[in-house]
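Taking it in order: structure first as structure tokens, then the write-up.
The values are calculated or read from the model by the stated rules, or taken from the named source; none is laboratory data. None of these values were measured; they are calculated from a predicted model. So basically every Cβ, Gly included, is an ideal-geometry build from the backbone, and we count neighbours across all protein chains shown. In case anyone asks, the SASA skips ligands and DNA or RNA and just uses the protein heavy atoms, side chains included. Shrake-Rupley method; radii C 1.70, N 1.55, O 1.52, S 1.80 Å.
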Amino acid sequence: MYQLLKQIVKTGIVTERPPAPDEALRVARQRLDEEILRIFGRSLAIRHVDAGSCNGCELEIHATNSPYYNLEGLGIRFVASPRHADLLLVTGPVSRHMEVALKRTYEATPDPKLVVALGDCGCTGGIFGESYASCGRVANVIPVDVAVPGCPPAPLAIMQGILTAISAPVSAPRVR
Amino acid sequence: MRIEDLPIEAEPVPGAVPAWHAVVPAGQLRDLCSRVKEKGGRLVALWGSDETDRGEGYALHVALVIRSGLVCFTVPLAHDHPRYPGVADIFPAADRMQRATYDLLGMHARGNPDHRKWLRHGAWPAGVFPLRKGYDPGAVHSRVEDRYPFVRVEGEGVHEIPVGPVHAGTIEPGHFRFSIVGEFILRLEERLGYTHKGVEKLAETMTLAEGARLAGRVSGDSTVAYAWAYAQAVESVTGTEPPAPAVWLRAILLELERIHNHLGDLGYLGNDVALAFGFFQFWRLKEQVLRLNQELFGHRYLMDVIVPGGVARDMPLAGIEKLLDLASHLEREVATLRGIYDEHAGAQDRFIGAGRVAPSLAAELGLTGLAGRASGLAWDLRVEYPVPPYDGLEVRMATHRNSDVAARVSVRFDEVLESLRLIRALLRALPAGDLVVPLGGARPGSFGVGWVEGWRGEVLIGLHVGEQNRIRRMHPHDPSWQNWPILERAVIGNIVPDFPLINKSFNLSYSGQDL
Ligand code: SF4
């Protein structure tokens, strides 16, 4: 126990400052009014769905929980069920085998809800594109609010995407 | 068993990997497999190919390990109703590989007790085989009903818990069907294939050079192992010898990948026994590795650094110093944390005895990689078949006989420390010179292979060349194919709440086997 406590004291706090939202990541007009955003505020429940990724994007989602980024410190946490979620964080090209599960997860998430698509695959289908096995980008299957490019996107980019989704637009949103 | 001991005419496959290739008739396949098995050999991979566009039939490819190295059999099959004698009774790991080969190519394994589909769910109908040459890769089928008959366990008090494909944590999708009594697991049945995204079909639209990016995205957590294995395969078919500095850097990258994955898993193993301290400590260390990766090689997970012919970028000179500093720092920290894990009664209580795969069962079923080494199977490519630069490093293999979660934790700790030692040794002897050489031309129809000990186990790439340096067929093989079915055995008799812990101690890839 002594060693454990000593290690905690020695390590100190390594958490760094979170990024600011970035309007360039927004793909759909903000669907939530300011009042709801105020209620979501800084307490957000995320359900992650891997819809067919190579698992690279998952590594960076895990990293957002590392002490350097400490996503939970911002009141944003991952939950075990879509029923508890405000936001779906979706990775991968959507494989055709996951299409139904992703739609069902989306439907199971109570309104109002947000969707952030993650990674080059989530944004465009990435290297896997569309085929007999892949539906391509997440927006081909469910509505997407914010899309974060990168292969995989770094933890700060992921956090920026999430913070963008839960902030009111500051300028005219870009609609793709 | 040496290659001379097999009653076949085998040609050595050029390149870094000690490998042989032979065309054998279907009638001889089972006898060859039995001989290899008898002498302690193993099945690494099994895949098929469509050769009908060349006026032939289909072909089955089986890669086995014998003492001399890797031996790859190609078995020509008929044009109509291609079938071959199944080998799952000899090598149990072949079962799912054979079923996948049927789903993708319509090649039937005779005598396979399990005829259920494996990679096909609802995206394409029965009787359609996407990896056949005439199949249009852009084809989209209307969804078919996805029925899969799970094995039902009956008896008083037995009930089922279906889990997934969307899991409770941040993990890849798959379905687990638990049959339980009270809290005890009587049976677990996995259903995988959800992330099947057409990797192998896509590869057939690419050149040998283009395939590298795709190979590095078969299973993102093993991108270095795949990229290196792919590079070996391409270098094998093009007669390219990668320069020494590139090969040294590749090994440094592979060990960095091993370290960051083990650190991450050690953190989660702490987390899963309510030792959040472990998660935060190990993920702090992991992040430090990832940041240095980014600084020195331009990518946190080292994607696209290894290319066929060499490596795509040099490490800045200051990198040597920085890596040495990181190595000393990690060594100290990991040693401290190991002491804390070892003495933490709560953690050890959960680790010890959970998820055992007895050495005899592990050997019979073909457990591989780090999980195999934790079940007494002393097998590590870096030791058994060391390619440069491992041939000069005398890698010390980590093994354990206890076969439980604690043993897998222990092997990971040992391997992190050994990888740090290897990185130091590699940095001391880092040769100077060119980092990449141009690729030679590949003869259409030639076959090459890559085989690398990734952090999870052995990654194999089987590569068949088409016209004009294009990929005709590429099969990436993840060690998860071998280990997923054995996870089903590891959990029997354990309680359901220990499943996440046992699962994490293996940490298998879904994407790598779903393809
Ligand atoms: S964006 Fe890159 S890391 Fe993420 S799933 Fe796609 S290939 Fe993998």
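Taken residue by residue, segment B:71-83 has no member that is at pLDDT 95 or above, polar (S, T, N, Q), assigned by TED's automatic domain parsing to the domain that holds B:P7 and touching a Phe, Trp or Tyr at 6+ places or on another chain (Cβ under 7 Å). Name the residue that is farthest from the other protein chains (Cβ to nearest Cβ), counting only residues in segment B:109-126 that are part of a loop (DSSP other than H, G, I, E, B) and open to solvent by 80 Å² or more (accessible area, probe 1.4 Å). Applying the filter and picking the extreme gives B:P113. So, B:L188, is that one open to solvent by less than 10 Å² (accessible area, probe 1.4 Å), in contact with a Phe, Trp or Tyr (Cβ under 9 Å, 6 or more places away or on another chain), closer than 26 Å to A:L59 by Cβ and in the same structural domain as B:V416 (by TED's automatic domain parsing) or not? Against the criterion (open to solvent by less than 10 Å² (accessible area, probe 1.4 Å), in contact with a Phe, Trp or Tyr (Cβ under 9 Å, 6 or more places away or on another chain), closer than 26 Å to A:L59 by Cβ and in the same structural domain as B:V416 (by TED's automatic domain parsing)), B:L188 does not qualify. Step by step: first the residues of segment B:487-515, then only those that are part of a helix (DSSP H, G or I) and within 16 Å of B:E458 (Cα to Cα), then the one that is farthest from the other protein chains (Cβ to nearest Cβ). Which residue is that? The qualifying residue farthest from the other protein chains (Cβ to nearest Cβ) is B:F506. Pairing each residue of segment B:486-503 that is among the small types (G, A, S) with any residue that is open to solvent by 10 Å² or more (accessible area, probe 1.4 Å), provided the two are 6+ apart or on different chains, yields C-beta distances under 8 Å for B:A490/B:R356; B:G493/B:F184. Within segment B:209-268, the residues that satisfy the criterion of being β-branched (V, I, T) and either more than 20 Å from B:L508 (Cα to Cα) or touching a Ser or Thr at 6+ places or on another chain (Cβ under 9 Å) (or both) are B:V218, B:V234, B:V237, B:T238, B:T240, B:V247, B:I252, B:I259. Contact annotation: residue pairs with Cβ atoms under 8 Å, 6 or more positions apart or on different chains, pairing a residue in segment B:260-278 that is over 8 Å from B:A347 (Cβ atoms) and among the charged types (D, E, K, R) with a partner that is assigned to a helix (DSSP H, G or I) and open to solvent by less than 30 Å² (accessible area, probe 1.4 Å), are B:D265/B:R412; B:D265/B:S505; B:D272/B:L501. Taken over segment B:360-371, residues that are open to solvent by 30 Å² or more (accessible area, probe 1.4 Å) and touching a residue at least 40 places away in the same chain (Cβ under 8 Å) amount to 2.
Is it the case that some residue within segment B:427-449 is in the same structural domain as B:A374 (by TED's automatic domain parsing), buried (at least 24 other Cβ atoms within 10 Å of the Cβ) and within 18 Å of B:V218 (Cβ to Cβ)? The answer is yes; a qualifying residue exists. Every test in (1) surrounded by fewer than 22 Cβ atoms within 10 Å (Cβ to Cβ); (2) under 19 Å from B:L426 (Cα atoms) is passed by B:V311 save one, and that test is (1).
Residues in segment A:82-94 that are open to solvent by 30 Å² or more (accessible area, probe 1.4 Å) and within 11 Å of chain B (Cβ to nearest Cβ): A:H84 alone. Taking the residues in segment A:41-81 that are within 7 Å of another protein chain (Cβ to nearest Cβ) and at positive phi as candidates, determine which candidate is surrounded by the most Cβ atoms within 10 Å (Cβ to Cβ). Going through the qualifying residues, I end up with A:G52. Close contacts from segment B:280-307, counting a first residue that is more than 28 Å from A:V9 (Cβ to Cβ) and a second that is among the β-branched types (V, I, T) and more than 16 Å from the ligand (Cβ to nearest atom), with Cβ to Cβ under 7 Å and a gap of 6+ residues or different chains, come to B:V305/B:V311; B:V307/B:V436. Quick check on B:R96: is it away from every other protein chain (no Cβ under 14 Å) and open to solvent by 40 Å² or more (accessible area, probe 1.4 Å)? In short, no.
Considering only segment A:105-149, state which residues are within 14 Å of chain B (Cβ to nearest Cβ), in a loop (DSSP other than H, G, I, E, B) and either away from the ligand (no atom under 14 Å from the Cβ) or among the small types (G, A, S) (or both). Result: A:T109, A:G125, A:G129, A:S131, A:Y132, A:A133, A:G136, A:V141, A:I142. Could you pull out the residue among B:V357, B:V334, B:V383, B:V416 that is open to solvent by 10 Å² or more (accessible area, probe 1.4 Å) and under 27 Å from the mean Cα position of the chain (by Cα)? Being open to solvent by 10 Å² or more (accessible area, probe 1.4 Å) and under 27 Å from the mean Cα position of the chain (by Cα) holds for just one of B:V357, B:V334, B:V383, B:V416, which is B:V383.
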